[in-house]
Amino acid sequence: MSHHADTHAPALGLRAVSLALGVFFLFMGLDKVAWLMDGSLLTAELRDWLTRAPPLSRWYLETIAIPGAPVFARLVLAGELTVAAALLLGVCVRSASVIGIVMVLNFHVGMGVALRWDYLWNAYGPPVLGSLLGLAVGGKALPWSVTTAWHARSAHASDSRQAAAPGSGV
């Protein structure tokens, strides 16, 4: 393996994580498309969570989530699909990852699962949050992304203009 390939391996790894989480958020969002027209679907789900909720989650559900469910239903759908698009395209990966972290924690606290020990081995918990955190920290200018392709194209066009400029020695 060449030294050049070694230096790009971490970025390629993060890009693979970005693509995988993009698919995850895409299908999480597509599963909620009905919420766009019917916010009561989220309200029903939140009321179901309320029956098993620990005190902190109960307070959150009764005070914030259930009263705001008609609005949150649309925001969650838009948020998950926007995060999915950003991660899949490689656009604003760091910001999208932070938004993803907030969304995942919001659901997990509301469900009450983030407040139990078994959350530490929940497949939707630490693996998803850790991957999003890694992207939030290191997800800038990843390969195979729209952003990187755009910057490369812009740089190439700029180099071509400079090379063809009068007096450039060409």
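The values are calculated or read from the model by the stated rules, or taken from the named source; none is laboratory data. Every value quoted in this text rests on a predicted model; they were computed, and no experiment measured them. When we count neighbours, we look across all protein chains shown, and the Cβ atoms used for this are built from the backbone with ideal geometry, even at glycine.
Is it the case, given these coordinates, that Arg74 is crowded, with 21+ Cβ neighbours inside 10 Å, more than 16 Å from Gly112 (Cα to Cα) and of a type in the set (D, E, K, R)?
Values: crowded, with 21+ Cβ neighbours inside 10 Å: no; more than 16 Å from Gly112 (Cα to Cα): yes; of a type in the set (D, E, K, R): yes.
Criteria not met by Arg74.
State all residues of region 118-139 that are out of contact with any helix residue (DSSP H, G or I) (no Cβ under 7 Å at 6 or more places or on another chain) and closer than 16 Å to Arg52 by Cα; if no residue qualifies, say none. If you could, list the steps in order and put the result at the bottom.
Filtering region 118-139 down to residues out of contact with any helix residue (DSSP H, G or I) (no Cβ under 7 Å at 6 or more places or on another chain) leaves 118, 121, 123-124, 127, 130, 137.
Across region 118-139, the qualifying residue is only Asp118.
Quick check: is even one residue across region 123-141 farther than 23 Å from Glu45 by Cα and either modelled with pLDDT under 90 or among the aromatic types (Phe, Trp, Tyr) (or both)?
For region 123-141, residues farther than 23 Å from Glu45 by Cα and either modelled with pLDDT under 90 or among the aromatic types (Phe, Trp, Tyr) (or both): present.
Tally the residues that are surrounded by 15 or more Cβ atoms within 10 Å (Cβ to Cβ), within 16 Å of Ala114 (Cβ to Cβ) and out of contact with any Lys or Arg (no Cβ under 9 Å at 6 or more places or on another chain), restricting the search to region 50-69.
Of the residues in that region, 5 qualify.
Mind checking which pairs have a first residue in region 127-145 that is on the phi > 0 side of the Ramachandran plot and a second that is modelled with pLDDT under 90 and assigned to a helix (DSSP H, G or I), Cβ under 8 Å, 6 or more apart or different chains?
Pairs that qualify, where the first residue is on the phi > 0 side of the Ramachandran plot and the partner is modelled with pLDDT under 90 and assigned to a helix (DSSP H, G or I), are Ala141/Thr147; Ala141/Thr148; Ala141/His151.
Which residue, of Ala73, Ala78, Ala86, Ala65, is under 11 Å from the mean Cα position of the chain (by Cα) and either of a type in the set (Lys, Arg) or within 30 Å of Gly134 (Cα to Cα) (or both)?
After ruling out the rest, the residue left standing is Ala86.
Val91 versus (1) within 21 Å of Thr147 (Cβ to Cβ); (2) over 16 Å from the mean Cα position of the chain (by Cα); (3) surrounded by fewer than 17 Cβ atoms within 10 Å (Cβ to Cβ); (4) not charged (D, E, K, R): which is the lone unmet condition?
The number of the failed condition is (2).
Restricting to region 96-126, give me the number of residues that are in contact (Cβ under 8 Å) with a residue 40 or more places away in the chain and assigned to a helix (DSSP H, G or I).
Looking only at that region, the number is 6.
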